[in-house]
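Here the structure comes first, spelled out in structure tokens, and everything after it is commentary.
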Amino acid sequence: QPVTLLRDPLVLWFWLGLIITVANAAKVVFTNTSHWTDDLKALIVFVSPLYYMTSSLVDIQFAESIAVKQHCTLALEGISKDSPITLGADDSILPLQESTFVGLARERKVIQPPASPDREEASCSLNILDFQWVGFVALQRAQGLNRVLLRFFNPQLICALLCLGLFSFVVSFRTMTTTPHLLDLRVIGAGLSKGFDPSLKEYALLTHSSQHLTGVAAKVNPSETSLLTFRTKSENRSVKTGAGLAEAIRLDQDVYPADVELEVQDTFRRTEYRLQVLKYGILPESVVFSGEHSNGRSFRRCVPWGYLSLNHEVRIPPGLKTMDIFINYDHFVIDLPAPKRAHDRFTNLYEENVTKEHCFQKQLKNKEVVKTQFSGAGCYSVVQPKWNSCAQTRADLTQKFLEQVKGAVHGDLCVQGEYLGDFDCKKLETSGSSQLSRKLTQKDSETPGPWWEDKQVELRLLLSVGSSQLVLLDSRSYTSRAQGIQLTTHPRDIMDLFKAYMMAGTTMVRHKNVWGSITDLFDRDFFGTLPDTKEADVAFILDDFPNLTSAEFLEIILVSHDMDCYIQGLKAEDGEELQLTKTNSAFCHDHASGPTSDSEACDGWQPTSSFALPVSAFKDKMRKAIAYSDWNSDYAVRRLIFKGHPVCTSLSTFEEEIPLGNIFISIELSLKPQIKPIAWMPGQKVQADTYPCKTSCDVEILNGDALQPSGLELFITIVNEEANCTMQDFKTKANQRIVNKSKISEEACSQLDILSSTKMCGGKFESTTIALSWVSDSEAVTWNNDRSLMKQKIKFNLTCSDRIWNPFPLSVDVNSYPDADVGKFLFKG
């Protein structure tokens, strides 16, 4: 029976290996799309011997069909020269079993025709080892290329072709998977954000913010690399070499962060490494002063480092036995900006679309910004941790960063000696994670007692990175005050310690200003220090506007310029304590970028105390207050005074050693009545001077000698120019009720333009007209030796529906003198 070679295990194993190999090679070509042309060439080189091997197997199948499966119609002459067999012989041709034929062929024996076929003879099947003789047998029928291939096809050739295919596969696979790379990458004068690994393509290059130059050194394998390129985008510079290189990078560029590219090439492909140059810094976050007093009490004061640029004085109680100074430092990296400011670390913020000059000025204007960096299109700004979170930074993050850059912080703390310019400097000790300290004792100086009192302190910090040292802080640093930190035991001057604001409901009020606006009180109002009591006084002068009556509460807000001090309480003159309340949110919303932005209530650092005064209580207290008129102003005033007690937290247990005076807040309610008196006579021209109304309105008649002989009455029309106010209870100087009031005639309205604003003459204002009589010569009185032709007083009350001061007493004083005495009167007046 015919036998197929597909049943042979070795052939099946070969086909399985062929399928797996081609599938893997195709997978590499598919996944490595960036260099698919090179991979396709390698795959063709690998598949080419497989084609010839496959073609040979097909020819072998064809040879098998010829040699084994075809019926023999030819003479078998030549197979056995001793006993030839010819067609047509008597003994005829008997079919041989395939196994017999194969067995004899393997042993090269003469084939003898058996008398009968042996059915029980063990069968021998063809296998791959029979190819060496089947080929030669099939040569008689094979044609063309198959004839040549079959002549050289044998087991040895198959093994050689398999080895060639395996070698081609290994070479092709290695070519497809191996990429050019750097052998080494080193940074000169800086550090990498992570250790170098040729498989990692992106790195951050960390440089200190005080540096202006750094460099990189790269090394490649020349046998595997054809070109190494160094390229910087900001400088538009490119350097090419076939070996290693070392290039410098300028850091003072207008584009930040600077990008550096290293490109490695071989014959077929390229690999790019990207370095981004980032700046970092390490600065003090806070300084903590602590000590033990001789009376057994403890002192502790934490001062944010940025606050020392505003107030370099640190008040300590006299008589401390020891003084411990702790410096907490933190790091920052100008990299990805944060969405908002953090309380426990330096924060990197970014502002878009600003100029380089704006970015530079930002550090000078904002006391909480320690570093700015222009990016070319915007501005990076590094902001200190919130000052209210003093000594609460993440020291563990700073410690990890120092390990990353392989750096260490150390320095000296210097205390001023007895003479000017003489400083006692000692090394700071590491007292904790991201913390340095120095302990001052009385044994450190020959001066008896606490020798550090009223002395300056200076810090000098260095950063050691490898063999180099960078200056972090000294007296010349942009983050240091030249005069140093002043340790003082003198009491705090409270004259400039607090700023006061006042709100009515959700609006800010101020003297002579449109309600709803805001301004500080020192523009107009008195603020000073009383020399003997060490107490300060600040006055609110408020117009009696409608918003004072519509609000439910008045709110007094006191903002401290010292982080350590605040107002503990506010008390009225009658002993009533004002309620401490949460600051109204409108205090920040209307003026977030102005003088209130630093307030604690507006997420700032200045301690803020707010006290609520119900408007009902304010009205009641104000009605009981005494009214007075300031000669230098044009309004009447009533005043309330509140006493506040300041407290400094670190010195709260040392008030006897460092006393702090009180602060007085006065609220002065003023009213400028919109009342206008008009003097007139029918058919006569009245020359009069009218002065602004305060608590009284003065009218001076200048031509009384000409008016008196007419025998007519002098009319005074009092015009009320406020819509919500009415005039009531008119009385004379002797408190006699004025009942008879005059009306303005139509003739007077037509002749006198000054009356046109009254309703009786077609105007819009209410008015009241009162007739006054002239005095006779015998009744004439003198004033400073001058004769008076008229001296009258009209008293009345002004009542307004939207005012606190109700009723408001007013008077109109009318005086007339002879013409000859007018000059004397005016001069003496």
### Query
Say the cut-off is 22 Å between C-alpha atoms; which of LYS233/LYS340; LYS733/LYS764; LYS427/LYS455; LYS201/LYS233; LYS694/LYS795; LYS279/LYS362 go over it?
LYS233/LYS340; LYS733/LYS764
### Query
Hey, how many Å between the Cα centroid of the stretch 638-680 and the Cα centroid of the stretch 293-345?
33
### Query
Using the Cα atoms as the points, what is the convex hull volume per residue of the stretch 596-735 in Å³?
233
## Note on the structure
When all Cα-Cα pair distances of the stretch 357-444 are considered, the percent exceeding 18 Å is 67
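Can you order the peptides 667-676, 159-168, 386-395 by their average number of other Cβ atoms within 10 Å per residue, highest first?
Values: 667-676: 20.9, 159-168: 14.8, 386-395: 18.5.
Highest-to-lowest ranking by the protection proxy: 667-676, 386-395, 159-168.
Would you rank MET323, MET760 by solvent-accessible area, highest first, keeping every protein chain in place and using a 1.4 Å probe? Each step should come with its number before you reach the end.
Working: MET323 0, MET760 90 Å².
If we order MET323, MET760 from most to least accessible, we get MET760, MET323.
Leaving out ligands, DNA and RNA, and with a 1.4 Å probe, what % of the accessible surface on the stretch 185-321 is carbon or sulfur?
48
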## Note on the structure
Long-range amide H partners of PHE553, meaning residues 5 or more apart or on another chain whose placed amide H is closer than 5 Å, are GLY505, VAL615
### Query
P(r) for the stretch 254-347: what percent of alpha-carbon pairs falls in each 10 Å bin, starting at zero?
12, 26, 22, 16, 11, 8, 4, 2, 0
### Query
Tell me which lysines have Cα within less than 19 Å of LYS582's Cα, excluding those fewer than 8 residues away on the same chain?
LYS499, LYS571
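The values are calculated or read from the model by the stated rules, or taken from the named source; none is laboratory data. Note that the structure is a prediction, hence the values are computed from the model and not measured. All Cβ positions, even for glycine, are placed from backbone atoms using ideal geometry, and neighbour counts span all protein chains on display. Heads up: the accessible areas ignore ligands, DNA and RNA and are worked out on the full protein's heavy atoms, side chains in. Shrake-Rupley method; radii C 1.70, N 1.55, O 1.52, S 1.80 Å.
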